[in-house]
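**Q** Please find one structure pasted underneath; my questions will follow.
The values are calculated or read from the model by the stated rules, or taken from the named source; none is laboratory data. Worth saying up front: this structure is predicted, and the values here are computed from it rather than measured. Reconstructed Cβ throughout: ideal geometry from the backbone, glycine too, with neighbour counts over all protein chains shown. Areas reflect the complete protein model, heavy atoms only, side chains present, ligands, DNA and RNA absent. Shrake-Rupley method; radii C 1.70, N 1.55, O 1.52, S 1.80 Å.
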Amino acid sequence: MEKYSLEELCSIITDGTHQTPEYSEDGYIFLSSKDVTMRKINWENTKKIPKQLHEILSVRLKPKLNDILLAKNGTTGVAAIVDRDEVFDIYVSLALLRPNEMVYPKYLLYAINSPQTKRQFDGGLKGIGVPNLHLSVIRKTKVPLPQYRNQQEIVRRLETVDKLIEIEREQIIQYDNLIKSRFIEMFGDPVHNPMGWPVKKLGDLSIQINSGNTPKGGAQVYVDQGITFFRSQNVWKDRLEMDDIAYIDEATHASMSKSSLKYGDILMTKTGRINTENSSLGRAALYMGKDDAANVNGHVYFIRLKPGINNKFVLRILVSDEYRDHIRRVCVGGIDKRQLNKNHIEDFPIICPPKDMIMEYIQFVEQINKLRTEEQKRLKQTQTLFDSLMQKYFG
């Protein structure tokens, strides 16, 4: 199939204003790359600029329905289509692409969001620190272009699967919300403790709280098979992701015996930015593997509770929205990256309701989690189907 450059398929490829605007309470919506990070424009909580500035900016560029906005600074290569007839302006962190008559707008959106196009973008990133995708790279990037009616059919198929993914993700969110709402109903805010439960420090409830080490040689000591080695990218909110797991050999594991994991340990990440949606700071999950069959690096703490302390209940506290805010209040560090120190974790206040209430709640959580796990399996299967279609059409 013949490929065309984006400049051949667009009547306009430009970026937003390079001027840092003065924002206002009222006025016109002003979008930046942060508003397109999920392949859709997030029209909620957008910043606004005054009418006078909008009138100046709109002389140069007036975004319109079916334009494509592409993040070109920071989180690069993620695109969203303008899906409403809205008057707004954009910042330099966004590129605007206006499809011409050769290409169906939603087809171009999927093509730009394909892994194949992302690889082309990544190959042209410029700058040290914050990545920057130049307009010249965007213009020269090529995508396959079937006949127009075939483009529409491809979009129809992709949208069918995409909508199913959205439904399944929403169902998982609903399960999460059920777990959260039941906690608040039974125990209240775990930080401010309006119900007046007894409170103990996490350090007093624990046998051991420590982080691991990064082995000498770093990634060079990783092996294809061996002892599971958790890093911060493996520890997410209430789950361990194994897709990018590393392994160390027995000798390296033996040299790091102080951070050898036991069944039921709570893992918590040590560092991360605080203003990102999926910040790696303070994420927590349970290790449910065999004793001494895994280890952690220096960016992950393990929390080993005393006998009789319900680790699943403590985890629910640590992954709550209220605790997320608490962690951001107590962490230390600069604007770009923050850190939880061991003493912060030891001082975490943990509410201690009656054990029968805790067991009632955990039984409820486990019932919901069974449903959630099944939904996650369906989501993974649907995502695999979507990825295979993207490869088929754009690979």
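**Q** Using a probe of 1.4 angstrom, how much of the accessible area of the chain is carbon and sulfur, in percent?
**A** Details: 10360 of 20780 Å².
The computed percentage sits at 50.
**Q** Follow-up question, since we're still on this one. Using Cα-only point scatterers and the Debye equation, what is log10 of I(q)/I(0) for segment 183-298 at each q in 0.11, 0.22, 0.23 Å⁻¹, rounded to two decimals?
**A** Evaluating at q = 0.11, 0.22, 0.23 Å⁻¹ gives log10 I(q)/I(0) of -0.44, -1.30, -1.37.
**Q** How much accessible area per residue does segment 273-318 have, in Å², with a 1.4 Å probe? Numbers along the way, then the final one.
**A** Values: 1910 Å² over 46 residues.
Accessible surface, normalised per residue, equals 41 Å².
**Q** Could you give me the percent of Cα pairs per 10 Å distance bin for segment 1-118, shortest bin first, beginning at zero and ending with the bin that holds the maximum distance?
**A** 14, 48, 29, 8, 1
**Q** Okay, next question. Compare the Cα positions of Leu31, Ala284, Ile350 along the charge dipole of the chain (+1 at Cβ of Lys, Arg; -1 at Cβ of Asp, Glu; about the Cα centre) and return the one farthest towards the positive end.
**A** Positive-end residue among those listed: Ala284.
**Q** Can you tell me the Rg and the Dmax, both Å, for the Cα atoms in segment 279-395?
**A** Both quantities, over Cα of segment 279-395: 18.6, 57 Å.
**Q** For segment 83-178, state the semi-axes of the equivalent ellipsoid (square roots of 5 times the eigenvalues of the alpha-carbon gyration tensor), sorted largest first and rounded to whole angstrom. Spell out each step's value before the answer.
**A** Numbers: eigenvalues 140, 94, 48 Å².
Each semi-axis is √(5λ); the values are 26, 22, 15 Å.
**Q** What per residue convex hull volume, in Å³, comes out for segment 106-149 when only alpha-carbon positions are used? Present the calculation step by step, with values, prior to reporting the outcome.
**A** Values: hull volume 3.5 nm³, N = 44.
Expressed per residue, the convex hull around the Cα atoms of segment 106-149 is 79 Å³.
**Q** Another one. Measuring from the lowest to the highest alpha carbon on each principal axis, how far does segment 24-183 reach, largest first, in angstroms?
**A** Dimensions of segment 24-183 along the principal axes of its Cα atoms: 51, 46, 36 Å.
**Q** Give me log10 I(q)/I(0) at q = 0.06 Å⁻¹ for the chain, Debye formula, one equal scatterer per alpha-carbon, no solvent.
**A** -0.31
**Q** Mind checking which aspartates and glutamates have their C-alpha under 16 Å from Lys342, skipping anything on the same chain fewer than 8 residues away?
**A** Those aspartates and glutamates meeting the cut-off are Asp204, Asp265.
**Q** Would you mind calculating the relative contact order of the chain from Cα pairs under 8 angstrom and at least 6 residues apart, reporting the percent as a whole number?
**A** Working: 707 pairs, mean separation 62.0, N = 395.
Relative contact order of the chain: 16 percent.
**Q** State, in angstrom, two size descriptors of segment 139-243 derived from its alpha carbons: Rg to one decimal place and Dmax to the nearest whole number.
**A** 24.0, 68
**Q** Moving on to the next point. Can you compute the FRET efficiency between Asp204 and Arg328 using 1/(1 + (r/R0)^6), with r the Cβ-Cβ distance and R0 = 30 Å? Round to the nearest 0.05. Provide the component values of the computation, followed by the final result.
**A** Values: r = 23 Å, r/R0 = 0.78.
Once the sixth-power term is evaluated, E becomes 0.80.
**Q** On average, how much accessible surface per residue is there in segment 7-62, in Å², for a 1.4 Å probe, leaving out ligands, DNA and RNA? Let's see the in-between values first.
**A** Values: 3570 Å² over 56 residues.
I get 64 Å² per residue for this part.
**Q** Looking at segment 32-135, which chymotrypsin sites (Phe, Trp or Tyr not before Pro) are in a loop (DSSP not H, G, I, E or B) and have at most 15 other Cβ atoms within 10 Å?
**A** Trp43
**Q** Considering the zone a paramagnetic label at Glu44 would reach in this model (a point 7 Å from Cα along the Cα-to-Cβ line), which residues of segment 161-184 have amide N under 18 Å from it?
**A** Once the point is set 7 Å along Cα→Cβ of Glu44, 166-181 turn out to lie under 18 Å by backbone N, inside segment 161-184.
**Q** Rounded to the nearest whole Å², what accessible area per residue is found for segment 86-220 with the 1.4 Å probe?
**A** Details: 7100 Å² over 135 residues.
Accessible surface, normalised per residue, equals 53 Å².
**Q** Excluding Arg157 itself, what net charge comes from residues whose Cβ is under 14 Å from its Cβ, given Lys and Arg +1 and Asp and Glu -1?
**A** Values: positive: Lys106, Arg149, Arg156, Lys163, Lys392; negative: Glu153, Glu159, Asp162, Asp387.
Within the 14 Å Cβ shell, the charges total +1.
**Q** Taking the Cβ of Ser33 as the centre, find all other residues whose Cβ is under 11 Å away and add up their charges (Lys, Arg: +1; Asp, Glu: -1). Intermediate values should be presented prior to the final figure.
**A** Numbers: positive: Lys34, Lys72; negative: Asp15, Asp35.
Here the count lands on 0.
**Q** Expressed in whole Å with the largest first, what are the equivalent ellipsoid semi-axes of segment 60-130 derived from the C-alpha gyration tensor as the square root of 5 times each eigenvalue?
**A** Working: eigenvalues 92, 54, 16 Å².
For segment 60-130, the ellipsoid semi-axes come out as 21, 16, 9 Å.
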